[in-house]
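Participant: Mind looking over this structure? Questions follow.
Laboratory data are not the source of any read-out in this text; all were calculated from the coordinates shown. Just so it is clear, the model here is predicted, and its values are computed rather than measured. All Cβ positions, even for glycine, are placed from backbone atoms using ideal geometry, and neighbour counts span all protein chains on display.
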Amino acid sequence: MESKEPIFDNPQGYAKSHIREYVETDGQQGHLWHGITTLLLTTRGRKSGKLRRTALIYGRDGANYLIVASNGGAPDHPQWYLNLLEHPEIEVQVAADKFAARARPATPEEKQRLWPVMSKIFPQYDHYQAKTGRNIPLVILEPG
């Protein structure tokens, strides 16, 4: 991804203000959201080709970062997830640290091991999974 391209932030009110605060303070504000760690994920739109940024709760598995494509338990996957399936090369910001990564859905075995990591951080994920008919993906971000 070329850093000189404009980045379009998630337009939802709470997400938009969270992202703006995160970017303006280089992660000093926004990295912790209600005591939970968050990162900024930038994907390339699968239809538009534009760079899209959103804020997400994350966990860790060694050097890798973990995110959950919950979409609040909605029946459809979030747009950012569909984008990274098409374009897995992504940009991540964790606090002030910015880096390129490759995103991939966890295998069923990995998800079984890693889902408890994420549901411990944000127990609502278990409620989201229970209320939707889709299998909520857990995504692994591999820096590099």
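Participant: Yes or no: residue 41 surrounded by fewer than 20 Cβ atoms within 10 Å (Cβ to Cβ) and either outside any loop (DSSP other than H, G, I, E, B) or aliphatic (A, V, I, L, M) (or both)?
Facilitator: Criteria not met by residue 41.
Participant: Would you pick out the residues in the range 46-62 that are outside any strand (DSSP E or B) and not basic (Lys, Arg)?
Facilitator: 48, 49, 58, 62
Participant: For the range 63-144, give me every one of the strands (runs of 3 or more DSSP E) that falls completely inside it and has 3 or more residues that are over 12 Å from the mean Cα position of the chain (by Cα).
Facilitator: Fully inside the range 63-144 and qualifying: 97-105.
Residue-by-condition table, conditions (1) surrounded by fewer than 19 Cβ atoms within 10 Å (Cβ to Cβ); (2) among the polar types (S, T, N, Q):
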site: 57; (1), (2): no, no
site: 85; (1), (2): yes, no
site: 107; (1), (2): yes, yes
site: 113; (1), (2): yes, no
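Participant: Collect the residues in the range 6-28 that are loosely packed, with under 14 Cβ neighbours inside 10 Å and either in a loop (DSSP other than H, G, I, E, B) or of a type in the set (Ser, Thr, Tyr) (or both), keeping them in residue-number order.
Facilitator: 6, 11, 12, 14, 17, 25, 28
Participant: In the range 79-96, what residues are under 18 Å from residue 22 (Cβ atoms) and in contact with a strand residue (DSSP E or B) (Cβ under 9 Å, 6 or more places away or on another chain)?
Facilitator: Matches in the range 79-96: 80, 90, 91, 92, 93, 94, 95.
Participant: Can I ask one more? If only one of 81, 14 is free of Cβ contacts under 8 Å to residues at least 40 places away in the same chain and not charged (D, E, K, R), which one is it?
Facilitator: 14
Participant: Among the candidates 4, 50, which residue alone is more than 16 Å from the chain's Cα centre (by Cα), touching a residue at least 24 places away in the same chain (Cβ under 8 Å) and over 27 Å from residue 131 (Cα atoms)?
Facilitator: Going through 4, 50 in turn, the sole match is 50.
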